[in-house]
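Here is the structure we will look at.
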Amino acid sequence: MGFRRSFAFVLLLSGGFFALGNLNAQKGNETPEATGANTKFPPISIERIRTDLKYLSSEPFQGRGVGTRGEELATDYIASQLEKAGIKPAGTKGTFFQPVPLVLVKTGQGATVELIKGANISPLKMEEEFAGTNNTQQNEDFEGEAVFVGHGISAPEFGWDDYKDVDVKGKVVVLFTNEPPSEDPKFFNGKSLTYYGRWTYKFEEATRRGAKAAFIIHTPETAGYPYSVVKTVKGAQLQREPGAPALAFAGWLSSQAGEKVLASIGLSVSEALKKADTKGFVPIPLGTRLKGHIPTTVQKVASKNVAGMIEGSDPELKSEVVLFTAHWDHLGVAKTSPGREEAFPGALDNGSGCSLLLELARAWAATNPKPKRSALFLFTTAEESGLLGASYYALHPLVPLGKTAMNFNFDTISPVGIPESIVLNGSERTTGWKMLQEVAAKHSLEIEPDKRGHLGYFYRSDHFALAKGGVPAFSVGRGEKVKGKSADFTRKMSEDFIANIYHTPKDKYREDWDFEGYPVLIRFALEAAGEAANASSLPTWLPGDEFRAAREKSGVR
């Protein structure tokens, strides 16, 4: 799970079809078979899940970095497990792999950013005060007038334009992530963050405006994670088309650096944020220039998604699929202190999602009779760099998006026992909402509202790339109720994960993890996906939803 989201498992789904019997996981290596009138599911093996997770996060994988030996080990292992389960290759040229052309961009240690006001030059410290990469994928220094553009949002439908009456072409924009706070569901969706609040949108809009560079001032409140999460000088990018516009630098300023940059207009970070949150905000020239020397190392990488297919039973509907996704990548090896590098194992993020999805794939493969539509299992690359593997798939799908019923995504699933409540983030926006409620009730799972919607979880995982292509895709996370745990257990666990484990070398496998809840989630997903696979028509987004037009463009009405 990249810094675009924070702790939660993500499970995209809608609907239910199979009768599964008792959902209560039993102790031991396997949970018992669940049977229905037409379907018999094989046992779900907790021990297989545990073995997969432990192996994928072990030392030889070195954090499963894109373009490393860890990628080869991870993708080969996942493909071998799919093959062992009797799942057919769905990649190119009869393989399990879909090539994803990427470049690894690394900012050199000699990078500098200077704040210039008249004859005064104030250097900022690399990583401690600024971090990021060059998006042009070539060596390119920059210098430009700095302009504070609030949240960097242009949203005419909400009557909001942070770029009003200012031309930032060739300039450097300074801004905050997130968006204006709201209690009104008709204004930036109320408390729930829209895509306008995401860091990716900020850079995209700055690029569209012709800015030379963009710096986001980090605060834990607006970002939803500590500065250490974004303090990186390397990352993967999709290969850029020649001549396509790009930022010479796209990165972050620490709050400390933000104070220095905003001092020229007599504002603190908190005061500037308050202005940015105020309706009628207008851009403020900072009266300074930002100059950067960004030596860049660019390496082309032939990365890959892993894909396997289980054919459906209906002669006509088997050409359509239910899509399951989980990202296999994590952060690889990175510097944790001067002169010290460590592997980031990524056990929870996202060895957990991969392991659960592998077991779900085994169960689907052993199910008889098969659902009418086919099932496609996709393990994506470079999620941590901005959902790149999923975005590439959405542009180059192995099965047309107009023939994809829905997307189930799994990301960072904490093994802490049996969930009694879930958060179905975004599912209320689809035609599958009513049926999803029925499935949850059948499985004795209470649906809770997303209490962290203000941090924009819907836009932080691979499903978002599919949703942009029109595919109904939703986030499902653990609610705050876990069997046998106190009411605040999940909240405290989440807070500890973000503060101390998320995107650190501490994200390691633990022998004391409780996997008893995984079979509950797998069976819930099996039933929901099974209904989608057997439905008479493909689901879609509700009228007026931001993704409805893309769904209709793909041919689904």
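Some observations on this one:
- Residue match in region 168-181 (condition: buried (at least 19 other Cβ atoms within 10 Å of the Cβ), basic (Lys, Arg) and either at pLDDT 95 or above or over 23 Å from the mean Cα position of the chain (by Cα) (or both)): yes
- The residues listed here are 312, 308, 353, 287; of these, the one that is more than 23 Å from residue 460 (Cα to Cα), in contact (Cβ under 8 Å) with a residue 24 or more places away in the chain and touching a Phe, Trp or Tyr at 6+ places or on another chain (Cβ under 6 Å) is 308.
- Region 295-310, residues that are exposed (fewer than 14 other Cβ atoms within 10 Å of the Cβ) and charged (D, E, K, R): 300
- The residue of region 332-386 that is surrounded by the fewest Cβ atoms within 10 Å (Cβ to Cβ), among those that are over 30 Å from residue 313 (Cβ atoms) and among the hydrophobic types (A, V, I, L, M, F, W, C), is 333.
- Filter result (buried (at least 20 other Cβ atoms within 10 Å of the Cβ) and within 18 Å of residue 458 (Cα to Cα)) within region 530-549: 540, 541, 547
- Meets criteria (over 30 Å from residue 54 (Cβ atoms) and either at pLDDT 95 or above or of a type outside the set (Val, Ile, Thr) (or both)) for residue 100: no
- For region 470-490, the condition of being part of a helix (DSSP H, G or I) and more than 18 Å from the chain's Cα centre (by Cα) holds for at least one residue.
Let's see how each residue does on (1) modelled with pLDDT of 90 or more; (2) out of contact with any Ser or Thr (no Cβ under 7 Å at 6 or more places or on another chain); (3) outside the structural domain of residue 195 (by TED's automatic domain parsing):
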position: 478; (1), (2), (3): no, no, yes
position: 490; (1), (2), (3): no, yes, yes
position: 510; (1), (2), (3): yes, yes, yes
position: 515; (1), (2), (3): yes, yes, yes
position: 523; (1), (2), (3): no, yes, yes
position: 545; (1), (2), (3): yes, yes, yes
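- Region 43-100, subset more than 25 Å from the chain's Cα centre (by Cα) and among the basic types (Lys, Arg), residue surrounded by the most Cβ atoms within 10 Å (Cβ to Cβ): 48
- For residue 246, the stated conditions do not hold, so it cannot be described as in contact with a Gly (Cβ under 6 Å, 6 or more places away or on another chain) and closer than 20 Å to residue 111 by Cβ.
- Close pairs (8 angstrom Cβ cut-off, 6 or more residues apart or separate chains): farther than 20 Å from residue 506 by Cβ in region 320-337, among the charged types (D, E, K, R) and assigned to a strand (DSSP E or B) anywhere: 326/411
The values are calculated or read from the model by the stated rules, or taken from the named source; none is laboratory data. Please read these numbers as outputs of a predicted model, since none were measured by experiment. Every residue, glycine among them, receives a Cβ derived from its backbone with ideal geometry; neighbour counts consider all protein chains shown.
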